[in-house]
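Some notes on the structure that comes next.
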Amino acid sequence: MIKKALCAAITAAMILSIAACSPKSTDSGTSVSQESIPESTTQSESVSETAESSSGEESTASSDTEESDFKLSEEVTKKIDDIITENEMEGVLYITKDNKPIYKSETGKVDDKEDITVNTPLPIGSISKQFCAVSILQLRDAGKLSLDDTLDKYFPDYEKGKDITLMQAMTMRSGIPDIEGVVFDFKEGATDEENTLVVLKWLYEQELGFTPGTHFQYSNTNFFLLANIVEKVSQQSYTDYLHENIFTPLNMTQSGSIYELKDSPQWANGLTYSDVAEQKYAGFAKGAGDLVCSASDLSSWITNLKSGKVISTDSYNEMTSNHSDDPENYYGYGIQFDMYGGIGHLGAINPYCSAEYTNPETSLTVIAISNNINPNDIGYVCQDTVKALSE
């Protein structure tokens, strides 16, 4: 089980904040808005009451999703309601069984305008890494690359890359330093390609933290590089690749890139997410923390990941196997382990933070996304919710 101290530590490590890398920024990039929730604003819905309950109340489900036969008791529902209230959380807490809803809480607004619902696309931060990992595995399954390839194959000027494999980058065992918190000399209005060159120039001059393959160390840079490899191999933009090979096949119509918000607000039903959309540095979060998903899309993603629709069964088993020998950081390919017998990830991109959990054996999934509490607390919300469900 993840203890709260460990949850706090890994949450802090998993944050990617573009704003932190602005030459004008002086903070750590880990803060989020913490406006308190007015009393009695939390509106939760237990989608169905327990079969053992004597309440006799009819079950309900969201109008666009088939009802689950799995039912929560009133006691468990109240425990989860209390978790939201105690953490003063606005946003979405969405629980599904076999991708069918059994509980949802929807509170707060986006940009003080539109109500947040389970169908609202919201930034998910480092949960984005799973999509990058799957993209690499798709290309591997198609015979277009190997996880044994070294980084210098794709970045010839990266001398240290000759000792680092794609597998080591996927599993945070590369020794590559983290780009989070680094102040880069990005130019106003620069393109994705121009900003990538700035990051690469910095990377080529850095020493590795350890000999590749010998330790685990969380670094967003790994997935920034992997996303750029997806572009090199597929010969299309990373965002286009995701739409064509993941979002469309899985009917994830409420998912896309933060870089689409500014130029295509209609994609997100007119929502602008001004704090995120105004990020100036194109491509910087690519692969590591760049995606926007609704809670319903994200639940569908994590539930259906093992279905064989986007990667092979062998690749799924690889992705969801522990590749770390660090007892406090069990990690697969963009997947974190030891969450009450399940897997998932945490994420943050100012001012949003998120937590994702699923138990592959039971297909029970918990998605939490908020724009008013800090990244540590979103981990506690997910952790405590899973504990309530397990009890």
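The values are calculated or read from the model by the stated rules, or taken from the named source; none is laboratory data. Small disclaimer: the values here were computed from a predicted structure and weren't measured. Note: ideal-geometry Cβ built from the backbone for every residue, glycine included; neighbour counts use all protein chains shown. We work out accessible area using only protein heavy atoms, side chains counted, and drop any ligands, DNA or RNA first. Shrake-Rupley method; radii C 1.70, N 1.55, O 1.52, S 1.80 Å.
Per-residue Karplus couplings for segment 210-220, computed as 6.51 cos²θ - 1.76 cosθ + 1.60 with θ equal to phi - 60°, are listed in order as 6, 5, x, x, 9, 8, 9, 8, 5, 8, 4 Hz, Gly and Pro entered as x. Between SER321 and ASP98, the simple spin-label model (points 7 angstrom out along Cα→Cβ) gives 2.9 nm.
Among the listed pairs LYS232/LYS286; LYS262/LYS306; LYS160/LYS232, those with a Cα-Cα distance over 23 Å are LYS262/LYS306.
Here is the list for segment 284-370: trypsin sites (Lys or Arg not before Pro) lying in DSSP coil, each with at most 14 other C-beta atoms within 10 angstrom of its C-beta, are LYS309.
Pull out the extension gain between GLU205 and THR248, defined as 0.36 nm times the separation in residues minus the alpha carbon to alpha carbon distance; nm, one decimal. Extra length available between GLU205 and THR248 comes to 11.6 nm.
Sorting the segments 123-132, 237-246 by their mean number of nearby beta carbons within 10 angstrom, highest to lowest, gives 123-132, 237-246. Under the convention that each Lys and Arg Cβ holds +1 and each Asp and Glu Cβ holds -1, the size of the dipole of segment 176-244 around its Cα centre is about 220 debye.
Descending by average beta-carbon neighbour count within 10 Å, the peptides 150-159, 372-381, 207-216 line up as 372-381, 150-159, 207-216, the highest first. For segment 123-261, the solvent-accessible area of protein heavy atoms averages 39 Å² per residue (probe radius 1.4 Å; ligands and nucleic acids excluded). Using a probe radius of 1.4 angstrom, the carbon and sulfur fraction of the accessible surface of segment 342-391 is 38%.
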